[in-house]
């Protein structure tokens, strides 16, 4: 068992829940990246398709922040510990049952 697994009490097996990031709220502060013991998140710039899916105000906000946001690139490894939800200063992350619409 890794150090992260020893210090975090997780509620689920991997893949039951996945983090959902609200693009209109994420300000790319990287708190989720730092606290996640399972390396679920990474930071990157928004792509054109992701930007097109956002409202005008959300695109403007993202542009002012350099289009830098968190992405759950390994969402299947999430164990629903909730550290990312608690750490996000914008309340941009929720946990949803994987495969739920």
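Okay, here's what the table says:
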read-out: Enumeration of residues in region 28-61 that are touching a strand residue (DSSP E or B) at 6+ places or on another chain (Cβ under 8 Å) and in a loop (DSSP other than H, G, I, E, B); value: 28, 30, 40, 46
read-out: Output for region 14-27, where each listed residue is in a loop (DSSP other than H, G, I, E, B) and surrounded by 21 or more Cβ atoms within 10 Å (Cβ to Cβ); value: 26
read-out: Scope region 62-101; condition more than 18 Å from residue 47 (Cα to Cα), within 11 Å of the chain's Cα centre (by Cα) and outside any loop (DSSP other than H, G, I, E, B); matching residues; value: 75, 83, 84, 85, 87, 93, 94, 95
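Okay, residues lined up against (1) modelled with pLDDT under 95; (2) more than 17 Å from residue 80 (Cβ to Cβ); (3) under 12 Å from the mean Cα position of the chain (by Cα):
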site: 4; (1), (2), (3): yes, no, no
site: 7; (1), (2), (3): yes, no, no
site: 12; (1), (2), (3): yes, no, no
site: 20; (1), (2), (3): no, no, yes
site: 31; (1), (2), (3): no, yes, yes
site: 36; (1), (2), (3): no, no, yes
site: 41; (1), (2), (3): no, no, yes
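The values are calculated or read from the model by the stated rules, or taken from the named source; none is laboratory data. Keep in mind it's a predicted model, so treat the numbers as computed, not measured. A quick note on method: Cβ atoms are made from the backbone with ideal geometry, for glycine too, and the neighbour counts reach across all protein chains shown.
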